[in-house]
Each structure stands twice: as C-alpha cells, then as structure tokens.
Ligand SMILES: [Zn+2]
C-alpha cells in the first residue's frame with residue numbers, strides 16, 4: 001500500500017491489530033471513515049477515549065464496570081452463592097444474553113495453558129479461592145466452571161476443583177459443557193446450545 005497516504009496506511013495498521021480484522025476489512029473500514037462526516041470521526045474517537053477512561057475492572061468478579069463493583073455484583077437479587085467462572089469478561093455477556101442466570105461471575109482472565117507458559121498463578125484462580133474463603137457456607141456454594149471444553153479448559157477446571165476441595169468448605173463444583181462441541185468458544189456458541197449446556201452441568 002505504498003501509494004496510499006500515510007494517514008490511511010497508519011489507521012489500516014491499527015485496525016489490522018483488532019481481533020478478526022484482516023488487511024482487506026481494515027482497508028474497507030478506513031475508506032468508510034474517509035468518507036464519513038467529521039462528526040462521526042469525532043464521536044468515534046471520543047467513544048474510544050471514554051472506553052479507556054471510564055471502564056474499570058470490577059473488584060469482586062473482574063468483569064467490566066463503570067464503578068468499583070459492577071452492577072451484577074451489586075445486585076441484591078442475584079444469588080451470590082452461585083459463582084459462574086468464565087475465561088473472559090465477554091463471556092459474561094454471552095451468559096447474560098441467555099437470560100435467567102441468577103448467580104454471579106468470576107472472570108479468570110485466561111486459561112491454564114502450559115504450551116503458552118500460562119500457569120495457574122497467571123490467571124485469577126487465587127482471587128477465586130480468596131473470595132470463596134471469605135464466603136459464609138451456611139448454605140451450599142456452587143462454583144460453575146463455565147469454561148470451554150478444550151484441553152486448557154479441562155486443565156483449568158481440574159486445578160480449580162483441587163484447590164476448592166482443599167478448602168474443606170460446603171462447596172459444590174460443577175462444569176458446563178455437555179452439548180457444547182469440543183473446542184467450542186463460549187463467546188460464539190448459539191443461545192440454545194449454551195442454555196442447554198448451562199442446565200446440564202455435571203458435578204466434578
Ligand atoms: Zn462484579
């Protein structure tokens with residue numbers, strides 16, 4: 001793209017770094033913006049800046065929030081004795097979209113993956129364990145491992161289960177997955193499949 005103005009190639013380069021965007025899509029987006037009104041570009045850049053300045057990570061579940069504690073954690077009508085453990089914050093959105101989920105979340109921020117040198121201490125497993133330690137177990141706590149049915153998901157689940165068992169608390173650990181294709185990405189699972197696998201969770 002040597003013949004294109006630098007302002008265009010620079011922005012194409014930025015878009016190409018976004019997930020799922022290849023050089024063709026990046027170029028198409030930039031040319032759309034070239035022709036878009038000035039106000040669109042202004043709003044777009046402002047929205048991006050707001051995203052970085054206003055979005056925080058919830059101190060409790062590590063999901064996205066505009067406040068220290070997110071609206072889900074702050075919601076008294078949610079069952080805080082059922083914790084859905086997910087890999088990434090975007091999966092909270094996928095599970096919320098299925099609807100009817102009464103529990104709360106814990107975002108790990110990744111999965112154990114020895115090949116990529118991601119160990120249990122690199123994701124928020126300790127934070128989950130600390131959270132469980134602080135909880136009253138006068139009624140049973142359920143930890144639902146809502147992670148993808150991949151090798152990494154399996155390894156992460158096994159590790160978490162072992163850690164939770166060593167707490168010797170009244171905690172049931174379950175795993176979603178039945179009905180989900182092997183290797184499926186929760187983010188992209190259709191709602192019916194996701195809903196089924198949420199209902200058919202099995203005890204570990
Ligand atoms: Zn939260």
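What follows draws every value from the coordinates through simple rules; no lab data is involved. Here the structure is a predicted model, which means the values were calculated and not measured. No Cβ is skipped: glycine too gets one built from the backbone with ideal geometry, and neighbour counts run over all protein chains shown.
Put the Cα centre of the stretch 12-78 next to the Cα centre of the stretch 109-182 and the gap is 29 Å.
For residue 74 and residue 7, what does the FRET efficiency come to when R0 = 45 Å and r is the distance between their Cβ atoms, rounded to the nearest 0.05? After rounding to 0.05, the efficiency reads 0.55. Computed from Cα atoms, the angle from the helix 38-54 axis to the main principal axis of the chain rounds to 30 degrees.
For the chain, the longest principal axis of the C-alpha atoms and the axis of helix 6-16 are separated by about 20°. Taking label positions 7 Å along the Cα-Cβ direction at both residue 190 and residue 40, the computed distance is 3.3 nm, reported to one decimal.
Among 88, 196, 175, 202, sorting on how many other beta-carbon atoms sit within 10 Å of each Cβ, with the fewest leading, yields 202, 196, 88, 175.
What is the order of 176, 90, fewest Cβ neighbours within 10 Å to most?
Values: 176 25, 90 14.
Taking fewest neighbouring Cβ atoms as first place, the list is 90, 176.
The label-point distance for residue 56 and residue 121, in a model that sets each label 7 Å from Cα toward Cβ, rounds to 2.9 nm. Rounded to the nearest 10 degrees, the inclination of helix 23-35 to the longest alpha-carbon principal axis of the chain is 60 degrees. Dividing the convex hull volume of the alpha carbon atoms of the stretch 1-67 by its residue count gives 101 Å³ per residue. Residue exposure proxy: 69, 160, ordered by other Cβ atoms within 10 angstrom of their Cβ from fewest to most, comes out as 69, 160. Looking at the chain, the DSSP beta bridges with both ends there are about 30 percent antiparallel. Once the convex hull of all Cα atoms in the stretch 76-203 is built, its volume per residue stands at 101 Å³.
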